[in-house]
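Colleague: Dropping the structure in here first, questions after.
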Amino acid sequence: MREATRQLDPTTSTRDSSRDGTGQGRRGRHCGWCGRRLEQSGSVGRRRRYCGQSCRQRAYERRAAVQRSGLPEDAVVLSDAEMTMLQDRLFQLRCAAEDVVTAADDGAGAEELRRMASELARAAHDLEQFR
């Protein structure tokens, strides 16, 4: 059960799985609320989970609201606006991927495919930053 909880911990990013020999991921850890990168000072004490007191308080409020509502702890609640934005960004990502496939089928040059693939990677990266 502890292993499953660790996988759902919002402060542990899948991007942190690569290690650089210092015990931290190459990209470091991120705030469990806003996603900002956390600077770790030294190796003494508990690792920080939030970038500041306000993020810590917002996370506490969310946990308390989830407990009161009866939703599972790993539930994600989005507003209508956030859901619409997420759907739009996923649509943009799919269109960019389809454009790359179409260009490859039409015999586009390597430079054109590279530019389109870079655009696709940028769209995927932007979507990954969604919080």
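The values are calculated or read from the model by the stated rules, or taken from the named source; none is laboratory data. Model, not experiment: these values are computed from the prediction. Glycine gets a Cβ as well: all are built from the backbone with ideal geometry, and neighbour counts include every protein chain shown. The protein model used for the area step is the full one, side chains on, heavy atoms only, and it has no ligands, DNA or RNA in it. Shrake-Rupley method; radii C 1.70, N 1.55, O 1.52, S 1.80 Å.
Colleague: Of the conditions (1) under 17 Å from the mean Cα position of the chain (by Cα); (2) without any contact (Cβ under 8 Å) to a residue 40 or more places away in the chain; (3) within 28 Å of Ala59 (Cβ to Cβ), Gln129 satisfies every one except a single condition; which number is it?
Modeller: (2)
Colleague: Please state which of the following conditions Arg58 fails to meet, knowing it meets all the rest: (1) closer than 18 Å to His30 by Cβ; (2) open to solvent by 90 Å² or more (accessible area, probe 1.4 Å); (3) not in a helix (DSSP H, G or I); (4) not acidic (Asp, Glu).
Modeller: (3)
Colleague: Among Arg27, Arg6, Arg19, Arg56, which is of a type in the set (D, E, K, R) and modelled with pLDDT of 80 or more?
Modeller: Arg56
Colleague: Can you name the residue in the stretch 70-86 that is closer than 22 Å to Arg36 by Cβ and open to solvent by less than 60 Å² (accessible area, probe 1.4 Å) and, of all such residues, is modelled with the lowest pLDDT?
Modeller: Only one residue tops the list, namely Ser79.
Colleague: Scan (1) open to solvent by less than 50 Å² (accessible area, probe 1.4 Å); (2) in contact (Cβ under 8 Å) with a residue 40 or more places away in the chain for the single condition Arg89 breaks and write down its number.
Modeller: So Arg89 meets the others, but not (1).
Colleague: Restricting attention to the stretch 35-81, which residues are in contact with a Lys or Arg (Cβ under 7 Å, 6 or more places away or on another chain) and not polar (S, T, N, Q)?
Modeller: Gly35, Leu38, Arg47, Tyr50, Cys51
Colleague: Something else: Just to be sure before I move on: is Gln67 surrounded by 10 or more Cβ atoms within 10 Å (Cβ to Cβ) and more than 18 Å from Ala123 (Cβ to Cβ) in the structure I sent?
Modeller: yes
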